[in-house]
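Structure first, then comments.
The values are calculated or read from the model by the stated rules, or taken from the named source; none is laboratory data. These figures come from a predicted structure and were not determined experimentally. No Cβ is skipped: glycine too gets one built from the backbone with ideal geometry, and neighbour counts run over all protein chains shown.
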Amino acid sequence: MSEETPVQAYKAVIAYDGTDFLGYQIQASGRTVQGVIEQTLQKILKTPTRITGAGRTDSGVHAIGQVIAFKAHWHHPETALQKALNANLPPDIVVQTLTTIHPSFHPRFDARSRQYRYTILNQPLPDVLRRRYTWHVPQPLDVDRMQRASNFLLGTHDFAAFGQPPQGDNTVRTVTQAEWRQTGSEITFFITANAFLYRMVRRIVGTMVLVGQGKMAVEDVKHVLQTKNRAEAGAPASAAGLCLINVTY
């Protein structure tokens, strides 16, 4: 590429099946979403290109609304860059939209909220065709109890009992949605917050499943929040059921 081509900032919304990735964030070894996209950009642009993301999804976690940003010398329309990326990326990553953006844009720090979806398959036998995207829980779950317990999460709280901060020591977050929906044997949890702690959603779901099974009282969730002790919460739910679905700016 010509050095005279101006550097342009780009914002992309990407989707990926996280099953075969060791998470979003690049690591010293192992296949990651960030690593694969950066390798693909280097192949297209002929120069190392670093991307930033809105969230660092864990190993096995999926996304349909992850947001990334990067800067590049590219003298073709952004639609051509999107096509080039999708032609060279593996089939478990897709660039859904790609637009130019102000150079100061930061996918993580500029985000106002993030929304995750967690899917439980609640039936006696597992479904081999849905095992990559759901957590199979064979015991019957009382969704009404799970919803009443989840209402304690709404508002601004210290969520130390449900996760660790990705950096620093601030564990206070504001949750604006904590909603359970059921369609047949599929139970889906939607949660929106200004930010999330490491494994926060999975620990919340693991705790709510205990409530749904009658192993924990609805009011116990309020107590768990107040303890700020992860040992009081349920074990993290399977990564397979979790998906980052939207980032709001």
Next on the checklist: For region 1-57, which positions are without any contact (Cβ under 8 Å) to a residue 24 or more places away in the chain, of a type in the set (A, V, I, L, M), over 22 Å from SER113 (Cβ atoms) and touching a helix residue (DSSP H, G or I) at 6+ places or on another chain (Cβ under 7 Å)?
Outcome noted: ILE26
Checklist entry - Is it the case that ARG108 is among the basic types (Lys, Arg) and more than 20 Å from VAL36 (Cα to Cα)? => result no
Checklist entry - Which residues, taken from region 43-86, are over 10 Å from the mean Cα position of the chain (by Cα), among the hydroxyl-bearing types (Ser, Thr, Tyr) and within 14 Å of TYR24 (Cβ to Cβ)? => result THR52, SER59
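What do you reckon, is ILE68 touching a residue at least 60 places away in the same chain (Cβ under 8 Å) and either of a type outside the set (Phe, Trp, Tyr) or at positive phi (or both)? So that I can check it myself, show each step before the final result.
Values: touching a residue at least 60 places away in the same chain (Cβ under 8 Å): no; either of a type outside the set (Phe, Trp, Tyr) or at positive phi (or both): yes.
For ILE68, the condition - touching a residue at least 60 places away in the same chain (Cβ under 8 Å) and either of a type outside the set (Phe, Trp, Tyr) or at positive phi (or both) - is not met.
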Item to check | Considering residues of region 54-74 that are over 17 Å from ASP92 (Cα atoms) and of a type in the set (Gly, Ala, Ser) only, the residue surrounded by the most Cβ atoms within 10 Å (Cβ to Cβ) | outcome: ALA54
Checklist entry - Does VAL94 qualify as being aliphatic (A, V, I, L, M), within 21 Å of ILE37 (Cβ to Cβ) and surrounded by fewer than 17 Cβ atoms within 10 Å (Cβ to Cβ)? => result yes
Next on the checklist: Just to verify a result, which residue in region 152-167, among those that are in contact with a strand residue (DSSP E or B) (Cβ under 7 Å, 6 or more places away or on another chain) and under 13 Å from VAL205 (Cα atoms), is surrounded by the fewest Cβ atoms within 10 Å (Cβ to Cβ)?
Outcome noted: GLY163
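I need the full set of residues from region 110-131 which are part of a strand (DSSP E or B) and either surrounded by 18 or more Cβ atoms within 10 Å (Cβ to Cβ) or among the charged types (D, E, K, R) (or both), in order please. Let's see the steps before the verdict.
Of the residues in region 110-131, the ones part of a strand (DSSP E or B) are 113-121.
Of everything in region 110-131, those that are part of a strand (DSSP E or B) and either surrounded by 18 or more Cβ atoms within 10 Å (Cβ to Cβ) or among the charged types (D, E, K, R) (or both) turn out to be ARG114, TYR116, ARG117, TYR118, THR119, ILE120, LEU121.
Being under 18 Å from ARG108 (Cα atoms) and not small (Gly, Ala, Ser) is the filter here; which residues of region 33-48 pass it? Talk me through it step by step, then tell me what you get.
The initial filter retains those residues of region 33-48 that are under 18 Å from ARG108 (Cα atoms), namely 33-35, 37-38.
Correct list: VAL33, GLN34, ILE37, GLU38.
Give me the residue from region 114-157 that is of a type in the set (Gly, Ala, Ser) and touching a residue at least 60 places away in the same chain (Cβ under 8 Å) and, out of that set, nearest to GLU219 (Cα to Cα). Walk me through it before giving the result.
So in region 114-157, the residues of a type in the set (Gly, Ala, Ser) come out as 149-150, 155.
With the extra rule that they be touching a residue at least 60 places away in the same chain (Cβ under 8 Å), the set shrinks to 149-150.
Values: ALA149: 7, SER150: 10 Å.
The residue in question is ALA149.
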Checklist outcome for this item: All conditions in (1) buried (at least 16 other Cβ atoms within 10 Å of the Cβ); (2) at pLDDT below 95 are true of PHE21 except (2)
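Taking the conditions exactly as written (farther than 30 Å from THR134 by Cα and assigned to a strand (DSSP E or B)), does GLN8 satisfy them or not? Steps first, please.
Working: farther than 30 Å from THR134 by Cα: yes; assigned to a strand (DSSP E or B): yes.
Taking the combined requirement at face value, the residue satisfies it.
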Checklist outcome for this item: Taking region 168-194 and keeping residues buried (at least 18 other Cβ atoms within 10 Å of the Cβ) and polar (S, T, N, Q) leaves THR192
